[in-house]
Amino acid sequence: MPKLTVDGIELEVPQGATVLQACELAGKEIPRFCYHERLSIAGNCRMCLVEVKPGPPKPQASCALPAAEGQEIRTDSEMVRKAREGVMEFLLINHPLDCPICDQGGECDLQDQSVAYGRGSSRYHEPKRAVTEKYMGPLIKTVMTRCIQCTRCVRFSEEIAGVDEIGALYRGENMQITTYLERAATHELSANVIDLCPVGALTSRPYAFEARPWELKKTLGIDVSDAVGANIRIDSRGREVLRALPRINDDVNEEWISDKARYQVDGLTKRRLDKVWIRNKAGKLEAASWDEAFKVIAKAKPGKSVAAIAGDLVDCETMFAAKALLRAMGSKLLEGRQTGMDYDVSSLAAVNFNSGLAGIETADAILIVGSHVRWEAPLVNARLRKAAKNGAKLFIVGPEWETTFPATFLGADVAVLDKLPAEVAAAMEGAERPAIILGGAGLARGALGPLLALAANWKLVRDGWNGFNVLHMAASRMGGLMLGYAQKGGIADIVKAKPAVLLALGADEVDYDQFAGSLKVYIGHHGDKGAHAADIILPAAAYTEKDGTYVNTEGRVQFAEKAVFAPGDAREDWTILRALADALKVDVGFDSFDELQALIVADVPALGVEGLADYGALPAGGGSASGEIAYPIKDFYLTNPIARASAVMQRCSAELLHGEDLAEAAE
């Protein structure tokens, strides 16, 4: 490890570190625009200049200079100060005076660094150049006159997203950043370039002119648009959520989120259920009071004949409250797999993403079965791309989709697992860290048993490594399985039981025609499919409107905080179920949220500790599977009731997936 000095501070730095990283280890702040920890080094902006001895008597770009033994680095010398002032002066030559109307105002790197490192005045009086605006789709607003050509957006698209959609045209003063042919950016992580842009060149189109950062209340939340459980920050003003931004968590989402996680939040205020509804004898819904709804449910006298189906966005507290209610009534009819899957859940290790989301990057041979990873979990897709860049071989069983990494498709029928090509077996058996990823479409075709058998043959479980992974698509899935929301025969068991009362906990993907004889009580937040089929609608809180616990696809328990209050008469789900228990004259054992959480921890201790849950050893497998795989997600942007209510997601679906001719020129 090289030893060097930074402003008189002696330290050792890791082999291969840059001078910029060495300065940061010494606690020194180095300004930068083009450098980013997760992107390749470009050395474009020259803002990170430092003085290094031995070396030429001039400032050097610290981001691109390797740290070496015996270096003396100065970050505060007069030479460095003047050099940074000069660089800032050059950067501001053509930058417009847009700060009062720029959406980056208040969180702009250029503003902050010009105050800290700039001269305070300019010697340039020539006219500023202007650049025509580019069209980058319905999510990214461009004002490219502000661009300082740091190329962070270009490198992100190429290196992280794996889609070469953004690049530079022309040279010198005429250089411009744009999508090729000025088409919309279509990949699922495209809006992360907004966070990366250090100036106001790329900002959020839906959020334009909505608020300034100092007006917003910031709340720590968990994304529910998929099963990854990305860490997000929810920014709200009053009772409205205005935006969702990523939080850094290297184990889960690094510092990226999908476009759906970021932009579905405008659906939180649309199509909301904010009052109680009861269906009359004529089949029409009528507004009612809470008492009236509870009396109708109690009048049904369900006794033990009551069932609960959990939706994809539900927190563990809601599911446990419903479980406690059913247990008090003598029922065990709980299910969370809305579409009818009935895979074996006797061992949760068999349905968990055991390698961990960060661990899959280190795999060197990966077999993906029945998962359109790019749509089901875009952040996992970005990790698979890293694995491929590190030399991993990837094989996919299922219909072909446009991957962002080299992969070999083996066919769409899961029967191919019985006779895999020799190259697949050779790659998996010869790998140091082999991995399998089984998706929802593969689970539906019965591929779990055969893949468990292959996992044993290929020795996927080794010292410090478990390469058997199941990639779920619902934020509530693993939490629901931990709480027992799984019948042996799936939802078919509940249909056979013919429950007198069916509690639908935000369940919008169920075929409710199967429950024609049941009193269907929908407890949810949007007027979606479940509400249309319900006999009684009880308005509940969305994920931003309540505290809650979520478990992601790798078994990571995470807590989310309440950002805003639910609209109208809507209440937090657990309070509705507690009041319903009183109406049905049963005791559920809790009267407050704290008491509810204490009962959850007593029932499932793992749900009381943030971090990875331990599901034990991987079970044995066997059997065979057959049938054509059909991916369940047909439209990435419209997978849940919040997204379907979102005008932004609807536009993305129409323009980016279905080719509708909306804006295709600079606006």
Within the stretch 55-88, track down each residue that is among the hydroxyl-bearing types (Ser, Thr, Tyr) and surrounded by 15 or more Cβ atoms within 10 Å (Cβ to Cβ).
Ser62, Thr75
Would you mention how many residues in the stretch 145-175 are in contact (Cβ under 8 Å) with a residue 40 or more places away in the chain, over 22 Å from Ala387 (Cβ atoms) and surrounded by 15 or more Cβ atoms within 10 Å (Cβ to Cβ)?
9
Please determine, by comparing only the residues of the stretch 16-44 that are over 13 Å from Arg152 (Cβ atoms) and touching a Leu at 6+ places or on another chain (Cβ under 7 Å), which one is surrounded by the fewest Cβ atoms within 10 Å (Cβ to Cβ).
Leu25
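Residues checked against (1) under 22 Å from Ala441 (Cβ atoms); (2) modelled with pLDDT under 95; (3) not charged (D, E, K, R):
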site	(1), (2), (3)
Arg462	no, yes, no
Val470	yes, no, yes
Ala475	yes, no, yes
Met482	no, no, yes
Lys488	yes, yes, no
Ala492	yes, yes, yes
Ala497	no, yes, yes
Ala504	no, no, yes
A careful count of residues in the stretch 45-54 that are surrounded by fewer than 14 Cβ atoms within 10 Å (Cβ to Cβ) and either touching a residue at least 60 places away in the same chain (Cβ under 8 Å) or assigned to a loop (DSSP other than H, G, I, E, B) (or both) gives 1
Would you list the strands (runs of 3 or more DSSP E) that sit entirely within the stretch 138-234 and hold 2 or more residues that are modelled with pLDDT of 95 or more, among the hydrophobic types (A, V, I, L, M, F, W, C) and closer than 30 Å to Ile437 by Cα?
217-222
Spot the failing condition for Pro2; the list is (1) at pLDDT 90 or above; (2) out of contact with any Phe, Trp or Tyr (no Cβ under 8 Å at 6 or more places or on another chain), and only one is missed.
(1)
Number of the condition not met by Gln264 [criteria: (1) touching a strand residue (DSSP E or B) at 6+ places or on another chain (Cβ under 6 Å); (2) buried (at least 23 other Cβ atoms within 10 Å of the Cβ); (3) polar (S, T, N, Q)]
(1)
From Glu572, Glu610, Glu545, residue being open to solvent by 60 Å² or more (accessible area, probe 1.4 Å) and more than 19 Å from Leu334 (Cβ to Cβ)
Glu610
Starting from residues that are among the acidic types (Asp, Glu), in a loop (DSSP other than H, G, I, E, B) and touching a residue at least 60 places away in the same chain (Cβ under 8 Å), keep the ones in the stretch 102-137 and report whichever is least open to solvent (accessible area, probe 1.4 Å).
Asp103
If I ask for residues that are farther than 24 Å from Arg477 by Cβ and hydroxyl-bearing (Ser, Thr, Tyr), which ones from the stretch 220-251 would you list?
Ser236
Return the pairs, sorted by first residue and then second, in which the second residue is assigned to a loop (DSSP other than H, G, I, E, B) and among the aromatic types (Phe, Trp, Tyr), the first residue lies in the stretch 191-209 and is in contact (Cβ under 8 Å) with a residue 12 or more places away in the chain, the beta carbons are less than 7 Å apart, and the residues are 6+ apart or on different chains.
Asn192/Trp256; Pro198/Phe33
Tell me which of these Lys496 doesn't satisfy, since it passes every other one: (1) farther than 21 Å from Asp312 by Cβ; (2) in a strand (DSSP E or B).
(2)
Close pairs (6 angstrom Cβ cut-off, 6 or more residues apart or separate chains): surrounded by fewer than 15 Cβ atoms within 10 Å (Cβ to Cβ) in the stretch 393-408, in a loop (DSSP other than H, G, I, E, B) anywhere:
Trp401/His372
Search the stretch 362-392 for residues being charged (D, E, K, R) and closer than 18 Å to Glu158 by Cα, and hand back the single one that is least open to solvent (accessible area, probe 1.4 Å).
Arg383
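The values are calculated or read from the model by the stated rules, or taken from the named source; none is laboratory data. Just so you know, these numbers come straight off a predicted model, no measurement behind them. Virtual Cβ from ideal backbone geometry, glycine too; neighbours counted across all protein chains shown. Only protein heavy atoms, including side chains, enter the accessible area calculation; ligands, DNA and RNA are left aside. Shrake-Rupley method; radii C 1.70, N 1.55, O 1.52, S 1.80 Å.
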